[in-house]
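Okay, so here's the structure we're looking at.
No lab work stands behind these numbers, since they all come straight from the coordinates. Note that this is a predicted model, so its numbers are computed, not measured. Note that each Cβ is placed from the backbone with ideal geometry, even for glycine, and that neighbours are counted across all protein chains shown.
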Amino acid sequence: MSARAIFLKVSVIWASTYLILRRKTVTYTRFEKARIIGARALQLSMGAPSILAEIPKNMIDPVEIAMLEYDEGAIPITVKQKEIKTKS
């Protein structure tokens, strides 16, 4: 088994574990969402393996794949959000 095959297998196992651990739903602003999808699309275009097991064969655009991963909640990128202080 080649090193790349082992890496891909470990990546899929790690991604599935990450999906199980990340149960809480986080809402992002449209700007945060665009930044997350853009960063993941750049990773995919540079050769990073996809986290999802099943991607349609006709889908080759990294932005579309990143959006699909975002919708599934599979992108391992988080955003530090500032807590908004309200006047009471």
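Label sites at residue 64 and residue 31, each approximated as a point 7 angstrom past Cα along Cα to Cβ, lie 3.0 nm apart.
Say R0 is 35 Å: what FRET efficiency, to the nearest 0.05, do residue 53 and residue 81 get from their beta-carbon distance? Efficiency at R0 = 35 Å is approximately 0.75.
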